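Just below is one structure, and these are the notes that go with it.
The values are calculated or read from the model by the stated rules, or taken from the named source; none is laboratory data. Just so it is clear, the structure is predicted and the values come from calculations on it, not from any experiment. Ideal geometry is used to build each Cβ from the backbone, glycine not excepted, and the neighbour counts take in all protein chains shown. Side chains are part of the model used for accessible areas, which takes the heavy atoms of the whole protein and leaves out ligands, DNA and RNA. Shrake-Rupley method; radii C 1.70, N 1.55, O 1.52, S 1.80 Å.
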Amino acid sequence: IWKESRGERMETDFILPIGKSLIQHGYFNNRIYLIQIHPDDVEAIMKRINYLQLVFAYGKIILKIPRSFMRDFLTPDSRVEATIPGYYQGREDALFISRFYDHNRAEEGAYNIIQKNLTSCLNHHLPSIQKKSADEIHIRKAEISDIPDMCSLYRNVFETYPFPIHEPYYLKKIMSCGVPFFIAETSDTIIAAGSCEIDTHASAVEMSDVAVDPKFRGRGISKRILSQMETHMKENQVKTAFTICRAGPLQINRLFSGFGYQFGGTLIKNTNICGTFESMNIWYKPLN
């Protein structure tokens, strides 16, 4: 899977299969990310991560693992940044364990803002203020023919993004591999989108790539897309939904907290998005 920034030059991170597991690494996000792990691959993964860090000296390593693997991966320089209860088949928690090799990467300068936003979300102090949503806005599952308009939307919303969702070849590839996207459209254009990235081994889904055209924000469109995505996942017997969203902007965190998602933790300076390394919040929700 290719990752890139906007502009002529394409930056790349790589997805590396290890048996039945997946590792992402590269200088665009300047990290190693253990995305999926299978019990048969634990020893091989540990060796490969150590090798990659020795060769490339990344700023951060982040490991998503079952709680039962904690003894294998938790080292004195590690910290548990987030937890998703029942991530694996609704029975075992997922832990996000991080190691920092760059002092600046481990510190969040906007900590007070993030905590203030979380307090507002968790205490439900902020009322839902929305403009009237136009009746002509329609929500549906995306098709391959929608890809050019979806790419235009993502280019308009995100300056940089950890996945090349503004490139047609990438969207076509992942949609063809079974990742469903949902879109909101008016009579002449696509104005919002979101995707459901399913981890079939865990029976969990990441609600991702949510974007709304700035001209149409404040109309509850994200909520309507998220509702459709949840319904689709429930129909497919997926047990847990989660998202990894930007920690700084209040509105995206309000979207998930107001939709019954629980706060799982903050991943410090985790992702290259919108032009810089940003901390990301994890929100989760059982779907059963």
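Quick notes on this one:
- Residue within the range 177-195 that is within 19 Å of Ile35 (Cα to Cα), hydrophobic (A, V, I, L, M, F, W, C), surrounded by 22 or more Cβ atoms within 10 Å (Cβ to Cβ) and touching a His at 6+ places or on another chain (Cβ under 9 Å) present: no
- Candidate set: the range 158-174, residues that are open to solvent by 30 Å² or more (accessible area, probe 1.4 Å) and either touching a strand residue (DSSP E or B) at 6+ places or on another chain (Cβ under 7 Å) or without any contact (Cβ under 8 Å) to a residue 12 or more places away in the chain (or both); chosen: the one nearest to Cys274 (Cα to Cα): Tyr169
- Near pairs, Cβ below 6 angstrom, 6+ apart or cross-chain, from the range 99-112 (within 13 Å of Thr266 (Cα to Cα)) to any residue that is open to solvent by less than 90 Å² (accessible area, probe 1.4 Å) and among the polar types (S, T, N, Q): Glu108/Ser279
- Hits in the range 180-198 - residues which are under 20 Å from Asn29 (Cβ atoms) and at pLDDT below 95: Glu197
- Being without any contact (Cβ under 8 Å) to a residue 60 or more places away in the chain, closer than 20 Å to Ser152 by Cα, part of a strand (DSSP E or B) and under 18 Å from the mean Cα position of the chain (by Cα) is a description that applies to Ile183.
- Restricting the range 81-91 to residues that are touching a residue at least 60 places away in the same chain (Cβ under 8 Å) and farther than 16 Å from Lys269 by Cβ, the residue that is surrounded by the fewest Cβ atoms within 10 Å (Cβ to Cβ): Gln89
- Only one of the listed residues (Glu206, Glu235) is under 30 Å from Asn112 (Cα atoms), open to solvent by 20 Å² or more (accessible area, probe 1.4 Å), out of contact with any helix residue (DSSP H, G or I) (no Cβ under 9 Å at 6 or more places or on another chain) and of a type outside the set (Lys, Arg). That residue is Glu206.
- One residue from Phe277, Phe259, Phe242 being under 30 Å from Asp102 (Cα atoms) and open to solvent by 40 Å² or more (accessible area, probe 1.4 Å): Phe277
- The residues of the range 20-46 that are open to solvent by 20 Å² or more (accessible area, probe 1.4 Å), modelled with pLDDT under 95 and among the aromatic types (Phe, Trp, Tyr) amount to a single one, Tyr27.
- Each residue in the range 199-232 was checked for being in contact (Cβ under 8 Å) with a residue 60 or more places away in the chain and part of a loop (DSSP other than H, G, I, E, B), and 7 of them qualify.
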